[in-house]
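Student: Structure provided below as structure tokens; questions to follow.
The values are calculated or read from the model by the stated rules, or taken from the named source; none is laboratory data. Predicted, not measured: the structure shown is a model, and the values here were computed from it. Glycine also receives a Cβ, built like all others from the backbone with ideal geometry; neighbour counts cover every protein chain displayed.
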Amino acid sequence: MSFKDVLESGKFAVTAEVGPPKGTDITEMRHHMQLLKGKLDAVNVTDNQSAVMRISSTAVCMIAMEEGLEPILQMTCRDRNRIGLQSDLLGASILGIKNVLCMTGDHVSAGDHKGAKPVYDLESVQLLKAVDGLNK
């Protein structure tokens, strides 16, 4: 049963959060994904959680699908303008990622690149409207 089917059925949905690692060693992350398989409805893949630079959430969603898990792509508005956000949404769609959680995102001052410039061209509700527009 897909995550969408679970939500539409009214059943209690179970998800877990997967935080991509800071480096390129994904061995431990894959192991954790394997432990989750068959125990939940979907995995939430964070997008540079706490404003800390990590592996792309889209790439980790693909790994989750390889591991037999249904991913939820978390997308924050902090790091991309509306062009980049929509481009990433289109890319996720053609890769088979069907679920998106739209978030405004933590300010860069909370993270590991204090000199980074926050974008916030859109905030989460505006991003939801952009998703809706792309779906139509």
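Student: Given the conditions (1) out of contact with any strand residue (DSSP E or B) (no Cβ under 9 Å at 6 or more places or on another chain); (2) at negative phi, report the number of the one that Gly68 does not fulfil.
Tutor: Unmet for Gly68, out of (1) out of contact with any strand residue (DSSP E or B) (no Cβ under 9 Å at 6 or more places or on another chain); (2) at negative phi: (2).
Student: Additional query: How many residues are surrounded by 11 or more Cβ atoms within 10 Å (Cβ to Cβ), of a type in the set (Asp, Glu) and part of a helix (DSSP H, G or I) when one looks only at segment 6-34?
Tutor: Selection size over segment 6-34: 0.
Student: So which residues in segment 11-31 are small (Gly, Ala, Ser) and within 18 Å of Glu70 (Cα to Cα), if there are any at all?
Tutor: Taking segment 11-31 first, the residues small (Gly, Ala, Ser) are 13, 16, 19, 23.
Correct list: Ala13, Ala16, Gly19.
Student: Report, ordered by the first and then the second residue, all pairs with beta carbons closer than 7 Å, sequence separation of six or more or different chains, a first member in segment 35-60 that is without any contact (Cβ under 8 Å) to a residue 24 or more places away in the chain and surrounded by fewer than 18 Cβ atoms within 10 Å (Cβ to Cβ), and a second member that is outside any helix (DSSP H, G or I) and not aliphatic (A, V, I, L, M).
Tutor: So the pair list comes out empty.
Student: Just to be sure before I move on: is Leu40 within 24 Å of Ala16 (Cα to Cα), more than 16 Å from the chain's Cα centre (by Cα), in a loop (DSSP other than H, G, I, E, B) and modelled with pLDDT of 95 or more in the structure I sent?
Tutor: Yes, satisfied.
Student: Just for helices (runs of 4 or more DSSP H) wholly inside segment 45-136: which have at least 3 residues that are under 26 Å from Ser2 (Cβ atoms), touching a Gly at 6+ places or on another chain (Cβ under 9 Å) and at pLDDT 95 or above? Steps first, please.
Tutor: Numbers: elements: 57-66, 82-94, 124-135.
The qualifying helices (runs of 4 or more DSSP H) are 57-66.
Student: For segment 90-121, which residues satisfy the criterion of being over 20 Å from Ser50 (Cβ atoms) and either surrounded by 13 or more Cβ atoms within 10 Å (Cβ to Cβ) or of a type outside the set (Val, Ile, Thr) (or both)? Even if it seems obvious, please write down each step before you answer.
Tutor: Here is the first cut: in segment 90-121, the residues over 20 Å from Ser50 (Cβ atoms) are 90-99, 121.
Answer for segment 90-121, where residues must be over 20 Å from Ser50 (Cβ atoms) and either surrounded by 13 or more Cβ atoms within 10 Å (Cβ to Cβ) or of a type outside the set (Val, Ile, Thr) (or both): Leu90, Gly91, Ala92, Ser93, Leu95, Gly96, Ile97, Lys98, Asn99, Asp121.
Student: Name the single residue, out of those in segment 61-82 being under 20 Å from Asp41 (Cα atoms), of a type outside the set (A, V, I, L, M) and touching a Leu at 6+ places or on another chain (Cβ under 6 Å), that is surrounded by the most Cβ atoms within 10 Å (Cβ to Cβ).
Tutor: Within segment 61-82, the first condition is being under 20 Å from Asp41 (Cα atoms), and the residues that meet it are 61-75.
Those left that are additionally of a type outside the set (A, V, I, L, M): 61, 66-68, 70-71, 74.
Next, only the ones that are touching a Leu at 6+ places or on another chain (Cβ under 6 Å) stay: 61, 74.
Details: Cys61: 28, Gln74: 23.
Result: Cys61.
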